[in-house]
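Novice: I am attaching a structure below and will ask some questions about it afterwards.
Just so it is clear, none of the values below were taken in a lab; they were calculated from the coordinates. Not measured: the values here are computed from a predicted model. Please note: Cβ atoms are built from the backbone with ideal geometry, for glycine as well, and neighbour counts cover all protein chains shown.
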2 protein chains.
Amino acid sequence: MARSDSRERILDAAERLFAEQGVAATSLREIGTNAQANPGSIYFHWKTKADLVRDVFRRRLEPLDAERVSRLDAAERASAPDPARLEEVLEALVGPMLWIASGSDRGGPGFLRLLGRTYNEPDRDLVRMLRRDHGATLERFRAALARALPDLPEEQLFARFHFALGALAYTLGSEASSHLALGRRRRPVSGRDVLRELMPFLVAGFAAPKASSSDLRASA
Amino acid sequence: MARSDSRERILDAAERLFAEQGVAATSLREIGTNAQANPGSIYFHWKTKADLVRDVFRRRLEPLDAERVSRLDAAERASAPDPARLEEVLEALVGPMLWIASGSDRGGPGFLRLLGRTYNEPDRDLVRMLRRDHGATLERFRAALARALPDLPEEQLFARFHFALGALAYTLGSEASSHLALGRRRRPVSGRDVLRELMPFLVAGFAAPKASSSDLRASA
DNA sequence: GTCTATACCACGATAGAC
DNA sequence: GTCTATCGTGGTATAGAC
């Protein structure tokens, strides 16, 4: 390409290292070395580290957002004038992550891990950037879920949407074998398998009865 | 106390700053200043930063583990020889977090945020420490869930346990107003409220039908 | 037990040769 | 467009006075 390929190599290396170690713990020197480029040359392509980080996410999130919105549009057109069904909305939200995972040119499982971790990222600037650039997509899904579940109060829908994103993020962010040592047994947990398991869990959770008769005790 | 109180002040300040900024982004200088102690004096109490981090978590996780196990024991005794019911097991897992949130001497909401973030922490050493010291508790809960849901294949139970931990972690780790700008409306999302919402979501998710007829597509 | 002072190093970022 | 050399800052950690 016209721009040189070291730019892409640097983005690839940064993405991989960010996923493995976190953004804060990854230095530009390390990225440069891993990309077989000189750390100094990063500053030809980007002004600051924050700018590089932004582009690492943008390169993957823009196609992901587009794919999600496109599937949601299709589902809503198909069922119009009725709202899209719960399963369809969730499919449009979760399915594209499988699409990401299956193509190494779209980031693959490595980017999913990075994305999962980033949902909980304490870095304020990074969070602000993600919200600004990609918050609108999630808001569209929240609204679609509200239409699919008209009887669920807004606060509860909101909470459940959070739980769903959490389940998704945590699952993607963890390594294949959980870092919390749940079970020693060997399990072939591919991204595809996990996301397929996730669907019925989320559908049931969203459709759960809204009243919580559960007397959750604070004290023993 | 005999040991001096600067030790506790340092632990308090570290806990708060870790929750706000993340472990990697918080320096010992900053902790010392916030604790009204000299950064250098941290090295009297701990050998390295990693040791301090370990104690920040230990101070809160040991009571949390004990409370969780104690409630699970009680539930299992009450229903013996039958296994504890799904709701009871989940209550023993989630309820103690509410107990944590309600007492500032147990960390309060601040520690819950830190804990939520840490589930996705990229720091390998920290993760190894948490697994070593507290993995046994989660394994006990996984086993109790398996007994409560004898018909669910092990892989699926495992995946759903992951989803549950993810929903919990993400919810706790996020600020009250989601960082992803879902809805602009004001919501009073206390820790107590959110955890109460979580219970029916998890119960329904775990009890969901196991077969996934969903044809999750990878391509558009 | 807590402080000051400081060593040492890696970081992000810049300047300028090529 | 990429490299080397280097700056200033701020990180962890240590030594030693009090």
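Novice: Taking all pairs of different Cα atoms in the stretch A:1-48, averaging 1/r and flipping that mean, what Kirkwood radius in angstroms comes out?
Specialist: Numbers: mean 1/r = 0.0938 Å⁻¹.
In the stretch A:1-48 this quantity evaluates to 10.7 Å.
Novice: For the stretch B:7-65, state which trypsin sites (Lys or Arg not before Pro) are in a DSSP loop and have at most 10 other beta carbons lying within 10 Å of their beta carbon.
Specialist: Working: sites: B:Arg7, B:Arg9, B:Arg16, B:Arg29, B:Lys47, B:Lys49, B:Arg54, B:Arg58, B:Arg59, B:Arg60; in loops: B:Lys47.
Filter output for the stretch B:7-65: B:Lys47.
Novice: Here's something else I'd like to know. Please report, for B:Arg9, the nm distances (one decimal) from its label point, 7 Å out from Cα along the beta-carbon direction, to the equivalent points in the remaining copies, shortest first.
Specialist: Sorted ascending, the copy-to-copy spacings read 5.3 nm.
Novice: What does the copy distance list look like for B:Asn38, label position 7 Å along Cα→Cβ, in nm and ordered from shortest?
Specialist: Those separations, rounded to one decimal, come out as 4.4 nm.
Novice: Taking the Cα atoms of the stretch B:65-168, what is the range of coordinates along each of the three principal axes, in descending order and whole Å?
Specialist: For the stretch B:65-168, the Cα extents along the three principal axes come out at 38, 30, 22 Å.
Novice: Taking the label point as lying 7 angstrom from Cα along the Cα-to-Cβ axis, what are the distances from A:Lys49 to the corresponding position in the remaining copies, in ascending order and in nanometres?
Specialist: Spelled out, the distances from A:Lys49's label point are 1.1 nm.
Novice: Treating cross-link reach as a plain straight distance, find the aspartates and glutamates whose alpha-carbon is under 19 Å from the alpha-carbon of B:Lys210, omitting any fewer than eight places away in the same chain.
Specialist: Straight-distance partners of B:Lys210: A:Glu87, A:Glu88, A:Glu91, A:Asp193, A:Glu197, B:Glu87, B:Asp151, B:Glu154, B:Glu155.
Novice: Bin all alpha-carbon pair distances of the stretch A:1-148 at 10 Å intervals from 0 and give each bin's fraction as a whole percent.
Specialist: Spelled out per bin, shortest first, that is 10, 36, 31, 15, 7, 1.
Novice: Scale the Cα Rg of the stretch B:111-151 by the rule-of-thumb value 2.2 N^0.38 Å and send over the ratio, two decimals.
Specialist: Dividing the Cα Rg of the stretch B:111-151 by 2.2 N^0.38 Å gives 1.44.
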